[in-house]
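The values are calculated or read from the model by the stated rules, or taken from the named source; none is laboratory data. None of the values given here were measured: they were computed from a predicted structure. Note: ideal-geometry Cβ built from the backbone for every residue, glycine included; neighbour counts use all protein chains shown. Accessible surface is based on the protein model in full, side chains and every heavy atom, while ligands, DNA and RNA are left aside. Shrake-Rupley method; radii C 1.70, N 1.55, O 1.52, S 1.80 Å.
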Amino acid sequence: MMTTSNTETNQPPPSRRAHQEGAALSTPTNSPRIAIIGAGPAGLYAADILAGRLPDAAIDVLEALPSPFGLIRYGVAPDHPRIKSIVDSLHDILDCGDIHFYGNIVVGRDIALSELQSYYDVIVLATGAVEDAPLDLPGIDLRGSFGGAEFVAWYDSHPWYPQDWTLDAEAVGVIGLGNVALDIVRVLARRPEDLARTDIPPHVLAAFQASPLKDIHVFGRRGPASVKFSPLELRELGQLPGVQMLLEDDDFQFTDADRAQMAANGRLRQAVKTLEQWRKGPSSPGEKRIHLHFYWRPERLEGTEAVSGLTLRRTAPDGQGGIVDTPVTKTFPVAAVYRAVGYFGSPLPGVPFDAARGVVRNAGGRIVDDADRPVPGIYATGWIKRGPVGLIGSTKSDALETVGHIVDDLPDLARAPHRSTDGLIAALEQRGLPVVRWDGWLAIDAAERALGAAQGRARAKLATGEAMIEAAHSARKQL
Ligand SMILES: Cc1cc2nc3c(=O)[nH]c(=O)nc-3n(C[C@H](O)[C@H](O)[C@H](O)COP(=O)(O)OP(=O)(O)OC[C@H]3O[C@@H](n4cnc5c(N)ncnc54)[C@H](O)[C@@H]3O)c2cc1C
């Protein structure tokens with residue numbers, strides 16, 4: 001069930017601390033000061049748990065974008081409003097007045113971590129992962145070769161990404177057998193009139209409306225028993241109106257290792273059952289066709305300037321749960337390739353980084369140096385801590401672990417010399433940075449709802465950072 005956000009009711013929830021008997025409403029001057037970097041689910045769950053465990057702490061959330069909610073706003077597919085509505089409960093965490101949101105501050109660019117440490121006793125990195133994991137293939141830089149993360153950021157209207165996207169291919173290839181690949185395929189396959197009901201801005205809708213796309217080829221190196229798809233989302237693909245699913249009988253020869261994997265994993269079993277139903281069931285022609293190809297390993301993208309094909313090598317099960325190459329190759333004549341092979345975290349200057357895994361170096365959320373010694377006062381949670389896997393819910397258990405370490409370590413941590421958020425924000429604003437406070441986000445939220453209402457939908461996203469900041473600051477001027 002969707003919770004009603006307090007933006008809609010205009011009723012600010014009472015302060016969390018006001019509920020705690022005997023708790024002071026203002027923060028004592030010697031109380032711990034905690035900055036959380038990143039207002040995605042991991043950062044906000046950590047803030048919420050910290051506020052419960054340390055009722056005296058001053059907790060600020062510093063976010064690079066003018067908006068909170070991270071990948072829920074800029075990753076979760078627009079046609080999944082039920083998942084997107086998780087922002088309603090995250091909204092309440094920030095709206096209760098105990099935890100303060102400051103947007104449009106890129107830590108590491110607008111302020112160095114070392115400067116931030118002079119204002120806060122504890123810093124929690126919750127910066128997530130937005131980049132595409134690299135895929136080193138000949139032709140990967142051709143026009144028409146796209147990272148899945150880039151495409152998602154475009155259709156979800158991330159303000160840092162270009163607004164133009166070329167959707168002129170009649171046939172595309174999608175590399176990957178995970179949920180991001182599934183999102184990309186579903187959004188590409190949906191009828192534009194279905195997308196028109198979501199929060200996507202008009203320029204994204206116009207691109208889908210003009211797209212001549214007919215064939216979507218999805219490729220995985222391994223067999224059907226290795227898919228990482230959520231069964232529910234996989235089933236949804238087969239229910240899209242006007243879409244025909246096409247699978248190849250040769251791909252469905254299960255080995256003993258496959259059967260053992262399926263026996264041990266109910267979700268995998270359900271996903272394979274859906275694939276089998278599509279393979280064996282009646283298949284009536286549709287406006288768009290989704291071809292699922294297993295046991296094909298991408299070798300190179302063809303073309304001189306732009307993609308004109310994707311060459312793959314046929315693989316086969318090795319009998320022990322792995323795959324081996326065969327001599328067979330095939331070129332599929334696709335004019336665009338989307339690679340959905342995973343996300344990757346970005347380093348933050350001054351924080352030890354594991355460049356192989358794309359995560360900050362940490363032990364259970366405590367940042368550690370190259371010799372695995374804890375770096376006092378710096379912690380991590382969410383995707384930047386454990387890598388870009390897992391659903392929104394898993395960032396909560398993650399935050400619990402990290403907060404446990406913070407609470408244990410706090411008595412031994414040195415105190416920051418400059419003990420005022422106002423001083424920090426004033427310093428940033430003096431440098432010309434338009435910081436977006438919580439009331440600024442509420443103004444952006446109201447502007448997007450009004451824009452949506454004018455178009456007969458719940459919300460239409462403001463598409464640029466400038467428009468968001470203008471909405472935030474015009475509301476502030478009226479105060
Ligand atoms: C395409 C896609 C679809 C998904 N769909 C689903 C789904 O349907 N259901 C589901 O449960 N999960 C889904 N997920 C997974 C879910 O989005 C993640 O589990 C979750 O968002 C991870 O949370 P996080 O807070 O660690 O990172 P993020 O959500 O990425 O949040 C990190 C935040 O940190 C900010 N930040 C980064 N660097 C800085 C900096 N230097 N200074 C200040 N702020 C910074 C970012 O702007 C961002 O707001 C999806 C993920 C992707 C990529």
- request: Take every Cα pair under 8 Å in the chain that's 6+ residues apart, average their separations, divide by the length, and report that relative contact order as a whole percent.
  value: 20 percent
query: What is the calculated FRET efficiency for LEU413 to ALA446, with r their C-beta to C-beta distance and R₀ = 30 Å, to the nearest 0.05?
result: 0.15
- prompt: Roughly how many debye, to the nearest 20, is the charge dipole of region 31-186 about its Cα centre, given +1 on each Lys and Arg Cβ, -1 on each Asp and Glu Cβ, and no other charges?
  reply: 200 debye
task: Subtracting the Cα-Cα distance from 0.36 nm times the residue separation, let me have the gained length for GLU429 to THR329 in nm, one decimal.
output: 30.2 nm
message: For a protection proxy built on the mean count of beta-carbon atoms within 10 angstrom, sort 63-72, 453-462 highest first, please.
response: 63-72, 453-462
Residue-span extension gain [HIS80 to GLU248] - 0.36 nm each, minus C-alpha spacing: 57.6 nm
message: From Cα pairs below 8 angstrom and at least 6 apart in sequence, can you work out the relative contact order of region 354-479, rounded to a whole percent?
response: 16 percent
- line: With all protein chains present, the chain has a carbon and sulfur share of its accessible area (1.4 Å probe) in percent of 53 percent
statement: Among HIS100, ALA181, PRO376, the residue whose Cα sits farthest towards the positive end of the charge dipole of the chain, when +1 is placed on the Cβ of each Lys and Arg and -1 on the Cβ of each Asp and Glu, is ALA181
- prompt: Per residue, what accessible area does the chain have, given a 1.4 Å probe and all protein chains present, in Å²?
  reply: 44 Å²
statement: The long-range amide H neighbours of ILE323, using H built 1.01 Å from N in the peptide plane and a cut-off of under 5 Å, are ASP318
- prompt: For region 131-343, what is the percent of antiparallel DSSP beta bridges, rounded to the nearest 5?
  reply: 40 percent
message: Sort 153-166, 252-265 by the packing proxy (mean of other Cβ within 10 Å over each peptide's residues), most packed first.
response: 153-166, 252-265
message: How large is the Rg to Rh ratio of the chain when both quantities use alpha carbon positions and Rh follows Kirkwood?
response: 0.99
- request: List, in order, the whole-Hz ³J(HN,Hα) value for each residue of region 450-457 obtained from phi through the Karplus relation with A = 6.51, B = -1.76, C = 1.60 and θ = phi - 60°; use x for Gly and Pro.
  value: 5, 4, x, 4, 5, 10, x, 9
statement: Scalar couplings 3J(HN,Hα) for region 260-277 by Karplus 6.51 cos²θ - 1.76 cosθ + 1.60 (θ = phi - 60°), nearest whole Hz, x for Gly and Pro, are 5, 5, 5, 5, 8, 9, x, 5, 5, 4, 5, 5, 5, 4, 4, 4, 5, 4
- request: Assign unit charges at the C-beta atoms only (+1 for Lys and Arg, -1 for Asp and Glu), then state the dipole size of region 131-343 relative to its Cα centre in Debye, rounded to the nearest 20.
  value: 680 debye
task: Select from SER67, LEU410, GLY456 the residue farthest towards the positive end of the dipole of the chain; place +1 on Cβ of Lys and Arg, -1 on Cβ of Asp and Glu, and compute about the Cα centre.
output: GLY456
- request: Any chance you could run the full-extension gain for ASP168 through GLU193? It's 0.36 nm times the residue separation minus the Cα-Cα distance, nm to one decimal.
  value: 7.2 nm
field: Rounded to 5, the percent of DSSP beta bridges in the chain classed as antiparallel
entry: 35 percent
- prompt: Which three extents, in whole angstrom, do the alpha-carbon atoms of region 321-479 cover along their principal axes, largest first?
  reply: 70, 55, 30
- prompt: Under a 5 Å amide H to amide H cut-off, with H placed in plane at 1.01 Å, what residues pair with GLU299 once short-range neighbours are removed?
  reply: THR311, LEU312, ARG313
query: Which Cα, out of PRO347, GLY321, THR331, lies furthest along the positive dipole direction of region 313-357 (beta carbon charges, K/R +1, D/E -1)?
result: THR331
query: Dipole size in debye (nearest 20) for the chain around its Cα centre, Lys and Arg Cβ +1, Asp and Glu Cβ -1?
result: 800 debye
